[in-house]
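**Q** Sharing a structure here in structure tokens format.
The values are calculated or read from the model by the stated rules, or taken from the named source; none is laboratory data. None of these values were measured; they are calculated from a predicted model. Please note: Cβ atoms are built from the backbone with ideal geometry, for glycine as well, and neighbour counts cover all protein chains shown. Only protein heavy atoms, including side chains, enter the accessible area calculation; ligands, DNA and RNA are left aside. Shrake-Rupley method; radii C 1.70, N 1.55, O 1.52, S 1.80 Å.
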Amino acid sequence: MPALPPVHRRKPDLSNPRVQRTRTHALAVARDLLPEAGPIGLTYALLAERAGLTRQTLYRHWPTRAALLCDLILEGPDLGGYPRPGSDVRTVATAWLRSLRDGISVPAVRTAVLAVTAQANHDPDSAQALMRIGEDRRAALNKLLEPSGLQISANEYTLLSGPVLARLLLDRGEAGDEFIDAVVAQWLTTIDPAEGE
């Protein structure tokens, strides 16, 4: 029988409710600390102290800071109103983009996205986290689009989400409903030319 890895290297059992509570609590504390401390200031020592956990516990859940930031982004706060699957592509894409906008408007999520993106060129963990985030969000959108029969490619996903992300993160502007409606209308012409007529 193969030997089990040492306790400090074992991954937490996410099916255990106690482990889930610990993880949820640590992410909530990290979400509160990140806008105040910044990505560099959010150390495992500070997070452990504020969350009442050990650093070893944090490292078991998130072996790297990029993994922590990635989960902070993907498991953001429940803002309500997450889109439902549907057969109308325009309705689903619009609701999904609004949900994306609302999620990125949370200061901790915005800070985490910018930090992971900034470090992706020189940190392999951040590059991997950035890929995971994109793949996860596209899979989530494709799940919502299943009733329509449409499944979008990575390029189609970028054409849809790119303008909103650029407006929020690069331009530091607003992505109001009218802007999102225009993005979706333009995007629909790239996946179904008849839709734009």
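**Q** Give the ranking of Asp88, Asp78, Asp71 by solvent-accessible surface, highest area first, calculated with a 1.4 Å probe.
**A** If we order Asp88, Asp78, Asp71 from most to least accessible, we get Asp78, Asp88, Asp71.
**Q** For every other residue with a beta carbon closer than 11 angstrom to the beta carbon of Arg50, add +1 if it is Lys or Arg and -1 if Asp or Glu, then tell me the sum.
**A** On the way: positive: none; negative: Asp32, Glu36, Glu49.
Charge balance near Arg50 sits at -3.
**Q** Tell me the accessible surface of Ser87 in square angstrom (1.4 angstrom probe, heavy atoms of protein chains only), to the nearest ten.
**A** Looks like 90 Å² after rounding.
**Q** At a Förster radius of 30 Å, what calculated FRET efficiency corresponds to the Cβ-Cβ distance of Glu178 and Glu135, to the nearest 0.05?
**A** Details: r = 30 Å, r/R0 = 0.99.
After rounding, the FRET efficiency stands at 0.50.
**Q** How much length would be gained if the chain were fully extended between Val19 and Asp32, taking 0.36 nm per residue of separation minus their Cα-Cα distance, in nm to one decimal?
**A** So the extension gain works out to 2.7 nm.
**Q** I need the trypsin sites (Lys or Arg not before Pro) found in segment 137-197, filtered to DSSP loop residues with at most 14 other beta carbons within 10 Å of theirs. Walk me through the intermediate numbers first.
**A** Details: sites: Arg137, Arg138, Lys143, Arg167, Arg172; in loops: Arg172.
Answer by residue number: Arg172.
**Q** Given a Förster radius of 41 Å and the C-beta distance between Leu170 and Gln56 as r, what FRET efficiency does 1/(1 + (r/R0)^6) yield to the nearest 0.05?
**A** Details: r = 38 Å, r/R0 = 0.93.
With R0 = 41 Å, the Cβ-Cβ based efficiency is 0.60.
**Q** Please compute the per residue accessible area over segment 26-77 with all protein chains in place, 1.4 Å probe, rounded to a whole number of Å². Don't jump to the answer; show the numbers that get you there.
**A** On the way: 2280 Å² over 52 residues.
On a per-residue basis, 44 Å².
**Q** Averaged per residue, what accessible surface does segment 94-197 expose to a 1.4 Å probe, in Å²?
**A** Working: 5490 Å² over 104 residues.
Per residue, segment 94-197 has 53 Å² of solvent-accessible surface.
**Q** Scaled to the compact-protein estimate 2.2 N^0.38 Å, what is the alpha-carbon radius of gyration of the chain, rounded to two decimal places?
**A** Numbers: Rg = 18.8 Å, N = 197, 2.2 N^0.38 = 16.4 Å.
After normalising by residue count via 2.2 N^0.38 Å, the value is 1.15.
**Q** While we're here: Could you look at the chain and say what percent of its accessible area is carbon and sulfur, using a 1.4 Å probe and all protein chains?
**A** Working: 6000 of 11290 Å².
Answer for the chain is 53 percent, counting heavy atoms of protein chains only.
**Q** Mind checking the full-extension length gain between Asn155 and Thr43? Use 0.36 nm per residue of separation minus the Cα-Cα distance, one decimal, nm. Please report the intermediate quantities before stating the final value.
**A** On the way: separation 112, 0.36 × 112 = 40.32 nm, distance 3.53 nm.
Residue separation times 0.36 nm, minus the Cα-Cα distance, leaves 36.8 nm.
**Q** Counting alpha carbon pairs within less than 8 Å and at least 6 residues apart, what relative contact order, in whole percent, applies to the chain? Before the final figure, lay out the partial values.
**A** On the way: 182 pairs, mean separation 39.0, N = 197.
Relative CO of the chain lands at 20 percent.
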